[in-house]
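Written out below as structure tokens is the structure these notes cover.
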Amino acid sequence: MHRRRCRSAVLALGMIASLLVPTAVAAPPAAAAPSGTRKVIAQLFEWNWPSVASECTNVLGPKGYGYVQVSPPQEHVKGNPWWVAYQPASYRVESRKGTRAQFQSMVNTCHAAGVKVIVDAVINHMSGQDNGGTGWAGSSYGHYDYPGIYQTQDFHHCGRNGGDDIVNYNDRYEVQNCELVNLADLKTESDYVRSRIAGYLNDLLSLGVDGFRLDASKHMPAGDIAAIKGKLSRSAYLVQEVIYGAGEPIQPTEYTGNGDVHEFRYGKDLARMFNSERLAYLKNFGAAWGYLPSGSAVAFVDNHDTQRDGGVLTYKNGGSYALANAFMLAWPYGSPAVMSSFTFSGKDQGPPSDANNKTLNTTCYSGWECEHRWRVIANMVAFNNATQGAAVANWYDNGYQHIAFSRAGRGYLTINDEGFAVTGRSYYAGVPAGRYCDVIHGDFGNGSCSGPVITVDSSGWFAANINAHDAVAVHIGAKLP
Ligand code: ARE
Ligand code: CA
């Protein structure tokens, strides 16, 4: 019998340490060009605007990320928890993460680095403060009163459950017309409210943003989102947050007509395969598992909610988290989103901030994890770019935790998550003969590889030994001259 492995014991071994090394941060190229083939999103959760800007220049652009998803930029209620960002006090682009001018400059800098900007847009609701207050930028507000923006008639008052809060996710009306955790729920069926929301999004479009992650989309009928989309001044990428819930009446598929939708089952199932089932089962991972169609999905190992709620792999899992991201970036399902976190011990804990709760600049060593810089994850972004459009071929599995597959003619990944090394065998990569950088263990740049080199013979085979809980990946974008 295949026995379950003890993950913490495994983490204590030095073997997988190489999976956790941050990638070398290369000097920015003279002119990185935006490319339609760059699909990978980096979610720089709670980063301030100056830090996002420099990351676009120094890491995201050079490593091939296509998009950066930033946290909500609008004025929010005061406080330390990260989630104050999800309680708008006004639509001024002024927050603990920076001023409007800093936001504008960040967008310009990211574009110059070839990285598009997706904004987390909180449009289903305003604050959840019963007594109101003063927002980050000085705007005063009441729970149902946002001067010059919304008054009480612009909010739902569903009259249920005592405090108007959502209790029953099996009731469509309640989910869309009652309050998500006491957050004042906007009447998104009203033309005035739709116009006001579109006004905010259009302001962001005027600052150059490329797309929106629509927060709490499940709590707005798909038709309301379509109507708001219809008021946008130009086209923008949309990804809607609709968390799949078994048996719930509101399904993620209802929203695909508006744009992409997050596939929440992906990260949960992937964690289960790594933790207690078999990587071999991943052979048909994706739509065949009941997920959204690949072309409508954003896939992720974890996001800012799931990393706090459990049931997924996070940076705290170390090597298996790196391997799960490597799989995601190599496997053609949806648009992959890489999480980048600040480290936390409590669920509400805010990002590293000053005494006034202004977010500090990111340092990737203190208080910030920067998973998107881990060598395995950062280097697999280029694998994703190099293999766009190539089908999965040459699947191999040993029935348990050792798998391998190619992206026809362009790249090859093998993951050995067994508790033992696999030695003395060859793999059919099906890529052109030559010498390739193993991007799991080395960085490729200027025609050379800082790690092991894999030699593929004229028949498409290579020989390699793979440690326990380790991997090897090669792709045509990291081929030595
Ligand atoms: C905070 C406090 C609350 C307080 C409230 C108002 O925690 O106690 O009542 O403030 O003062 C985030 C945090 C919340 C926080 C909120 C506002 O997670 O803790 O509340 O910001 O500051 C549902 C929604 C889904 C939502 C999740 C969290 O469907 O849209 O709940 N996710 C987004 C964001 C969150 C954010 C919000 C929405 C609000 O990603 O970060 O909240 O803007 C089943 C269902 C799911 C449901 C889930 C809830 O799985 O299928 O649909 O998700 O249960 O557990
Ligand atoms: Ca609603």
Charge-dipole axis of the chain as Lys and Arg at +1 and Asp and Glu at -1 on Cβ define it, positive-most pick from 128, 239, 430: 430
For region 23-386, size of Cβ-based charge dipole, Lys and Arg +1, Asp and Glu -1, in debye: 1160
Förster radius 22 Å - calculated FRET efficiency between residue 316 and residue 80 (Cβ-Cβ, nearest 0.05): 0.55
The chain: DSSP helices with Cα axial extent of at least 20 Å and average Kyte-Doolittle hydropathy no lower than -1.0: 191-206
Label-to-label distance, nm, for residues given as residue 226 and residue 289 (7 Å Cα→Cβ offset): 3.0
Dipole moment magnitude, nearest 20 debye, region 214-341 about Cα centre, only Lys, Arg, Asp, Glu C-beta charged: 240
Cα→Cβ-extended label distance, 7 Å offset, between residue 355 and residue 253, nm: 5.7
Estimated FRET transfer efficiency (residue 393, residue 425; beta-carbon r; R0 25 Å; 0.05): 0.85
Farthest positive-ward along the chain dipole, Cα basis, beta-carbon charges - from 262, 170, 148: 262
Contact order normalised by residue count of the chain, Cα under 8 Å, 6+ apart, percent: 15
Residues in region 182-223 reached by a label modelled at residue 151 [backbone nitrogen below 15 Å; 7 Å Cα→Cβ]: 192-193
Packing-based order for 440-452, 260-272, using average beta carbon neighbours within 10 Å, highest first: 260-272, 440-452
Per residue Cα convex hull volume in Å³ - calculated over region 392-478: 78
Cα pair distances of the chain binned at 20 Å [whole percent]: 24, 55, 20, 1
FRET efficiency for residue 446 and residue 347, using Cβ-Cβ distance with R0 set to 45 Å, rounded to 0.05: 0.55
Surrounding net charge for residue 422, when Lys and Arg each add one and Asp and Glu each subtract one, Cβ distance under 13 Å: -3
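No value in this document is a laboratory result; all are computed from the given coordinates. Quick caveat, the model's predicted, so the values are computed rather than measured. Note that we place each Cβ from the backbone using ideal geometry, even for glycine, and neighbour counts take in every protein chain shown.
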